[in-house]
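Step one of this worksheet: look at the structure below.
The values are calculated or read from the model by the stated rules, or taken from the named source; none is laboratory data. Because the structure is predicted, anything quoted here is derived from the model rather than measured. Counting neighbours? That spans all protein chains shown, and the Cβs are built from the backbone with ideal geometry, glycine included.
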Ligand code: HDE
């Protein structure tokens, strides 16, 4: 029998290779027609992890061509063993993230307020790793979930790693870290059914929130457009907690950290977010990847709010309470440096997945405050790394390793890459100079700021944390009318997904303490039969707080269309002059043009030139663009009129308040999409090259919000 399996013909067949051509690829094929590619030229030998060269990576070792697989196939064993262990536990929160590299550049010396080494010299550049993330969804969820975005920055300073593990919202849901597991359990998928994920629109979340009045300020932020950013590049970052700077004389100054995007803030609208998730679930990561690959490096400025004990005493709220901001109008932001993201990662797993942030990673010159949320975080982040990365040696992984000298006596453990050399692995020791290993440095080393603290040991929430509604109200009244409408719509949408009437009603009771108009709007939207009384408040809402215009996105738009993208819908016969003029105007602005055509292969323009498309119409809806241009030819419009996605392209762009540039030939599409004749002031006729420049200049406003009320009215009449 054995002999039969080792007949000459089977052996020969195993080694036989035939040449084959697959369009551009010349390959070899084996006995079963499988493709083989051999080492040579630029391609090195494929080896096992032990370094043994591999002859055949397409077939496992078997007894005869159709027989069982041999256990001794070490290459196959090793390949599957490794594959089976490829995943590490995803983060409990912030599982879906995207990491990039870059640097922080300091504008001026801040030696008067901090001795942190990276702030001593103007022009100093410090390498950074930044990971943006969503909070609630699992690793494979979609980018445009309504969610807080993580904004975690690791600065590899010359005196160790400093992590600012922040969010794109300056406040948080809870005041004490002991509530974090409850909050996260409530927001993630419900435990019995395993859904919904990546969304807050469900009973458990709103049940918890409606019984946690301290979260009301955060609720206003998450129901605002801040949680549906257009891009990571167009959002703020915040350190959230109060920290301390400490200078060489030991003087402490309180500080709050802000990252301000140079391209300004921008969000999408909810209906658009839902559609983007379908059209491109990787919308945010693709945007950042593309921008960096094209050399359009996103930048933020580091802003500091600096204040002293005396301000902290007189401020209306407790600076240790992470559910409160200090309005920029009260303590202005000082911009002290810039963060430039200029390199994508080489390997997603090695860097984005394995990067380990921790609020406890601070450097001399920076210190914690007693914010109870921060104190709890300082414990949690180290703990989580052991679980995720599986070893106390996670700082040996390159993305986590400091870029300054590291000397200590910690040794061994899983996957230790560096162990102490020589005899001394303890101190104090009496070994001769050099052989005794590292020693303490009292002058340079980290000293905690000696804040005076005393008091009885208690489980208690400070009464100074008890005002839950005043800043929620301040945030709401600081928004434009359109933004307020978005908040009311978001609350109505979310609560409409809550099955229990009692929970919906409870939320309206809280809203009554924030703004009666908002509460009534939501109650009406939910068709509550009875308006509840306001929730009992631990402290009455301070209605005299001034508006803070800095809190509005729409009031603080950028002055340019830079970094944005226009989608141009073209057909065969597109007017080449208009097309070129639009391309030139966008290039001048630093914005992008993406071509959408009936087929991805492209179209032939009026001058006979060929224009390649980036998207076929059915795969390139207008939600993927900041503004659109409709450039069909007279013949081409006939084809578009037959295509429902062309109608949706225009109807959505109009409903999402986008600027629409159009040529005369496109007008029949307006009628088909329900757009009023010749559109409105946000629809710009492109009759000549000057019009294209004017169109791009108008796009600097980002959206034509004046259209919004009319669109809502049309929708209501239609329904
Ligand atoms: Fe986190 N948080 N967090 N968090 N957090 C984590 O650490 C935690 C909080 C934030 O891209 C975890 O490595 C507790 C506030 C970001 O890798 C975990 C509390 C803010 C990231 C953890 C908070 C954040 C995390 C999960 C309540 C904004 C992603 C995996 C006291 C200032 C970092 C991990 C990355 C990640 C704990 C609250 C931001 C479990 C206990 C407030 C941006 O350790």
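Key figures
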{"quantity": "Condition met for residue 307 (surrounded by 20 or more Cβ atoms within 10 Å (Cβ to Cβ) and more than 16 Å from the ligand (Cβ to nearest atom))", "calculated": "no"}
{"quantity": "Enumerated helices (runs of 4 or more DSSP H) restricted to the stretch 1-106, each holding at least 3 residues that are within 30 Å of residue 285 (Cα to Cα)", "calculated": "74-84"}
{"quantity": "Residue 374, sole failed condition from (1) more than 30 Å from residue 546 (Cβ to Cβ); (2) near the ligand (Cβ under 9 Å from one of its atoms); (3) within 22 Å of the chain's Cα centre (by Cα)", "calculated": "(1)"}
{"quantity": "Check on residue 110, surrounded by 11 or more Cβ atoms within 10 Å (Cβ to Cβ) and within 30 Å of residue 364 (Cβ to Cβ)", "calculated": "yes"}
{"quantity": "Residue satisfying all of: in the stretch 334-348; assigned to a loop (DSSP other than H, G, I, E, B) and surrounded by fewer than 17 Cβ atoms within 10 Å (Cβ to Cβ); farthest from the ligand (Cβ to nearest atom) among these", "calculated": "346"}
{"quantity": "Unique residue being buried (at least 16 other Cβ atoms within 10 Å of the Cβ) and assigned to a helix (DSSP H, G or I) when the list is 707, 712, 703", "calculated": "707"}
{"quantity": "Those residues of the stretch 42-92 which are under 30 Å from residue 134 (Cα atoms) and either out of contact with any strand residue (DSSP E or B) (no Cβ under 8 Å at 6 or more places or on another chain) or at pLDDT below 95 (or both), in sequence order", "calculated": "82, 83, 84, 85, 86, 87, 88, 89, 90, 92"}
{"quantity": "Given (1) under 14 Å from the mean Cα position of the chain (by Cα); (2) closer than 30 Å to residue 308 by Cα, number of the condition residue 241 does not satisfy", "calculated": "(1)"}
{"quantity": "Boolean, residue 427 is away from the ligand (no atom under 16 Å from the Cβ), more than 30 Å from residue 252 (Cα to Cα) and either assigned to a loop (DSSP other than H, G, I, E, B) or at pLDDT 95 or above (or both)", "calculated": "yes"}
{"quantity": "Which listed residue, of 180, 151, is at pLDDT 95 or above and buried (at least 20 other Cβ atoms within 10 Å of the Cβ)", "calculated": "151"}
{"quantity": "One residue from 576, 548, 552 being surrounded by fewer than 22 Cβ atoms within 10 Å (Cβ to Cβ) and more than 34 Å from the chain's Cα centre (by Cα)", "calculated": "576"}
{"quantity": "Set 241, 258: member being in contact with a helix residue (DSSP H, G or I) (Cβ under 7 Å, 6 or more places away or on another chain) and within 16 Å of the ligand (Cβ to nearest atom)", "calculated": "241"}
{"quantity": "Residues located in the stretch 365-390, provided they are over 23 Å from residue 312 (Cα atoms) and either in a strand (DSSP E or B) or in contact with a helix residue (DSSP H, G or I) (Cβ under 9 Å, 6 or more places away or on another chain) (or both)", "calculated": "379, 380, 385, 386, 388"}
{"quantity": "Condition met for residue 558 (more than 33 Å from the chain's Cα centre (by Cα), on the phi < 0 side of the Ramachandran plot and not in a helix (DSSP H, G or I))", "calculated": "no"}
{"quantity": "All positions within the stretch 269-301 that are within 22 Å of residue 622 (Cβ to Cβ), in a loop (DSSP other than H, G, I, E, B) and in contact with a helix residue (DSSP H, G or I) (Cβ under 8 Å, 6 or more places away or on another chain)", "calculated": "269, 280"}
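Condition check ((1) surrounded by fewer than 19 Cβ atoms within 10 Å (Cβ to Cβ); (2) away from the ligand (no atom under 16 Å from the Cβ)) across all residues:
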position	(1), (2)
266	no, yes
288	no, no
316	yes, yes
321	no, no
350	yes, no
358	no, no
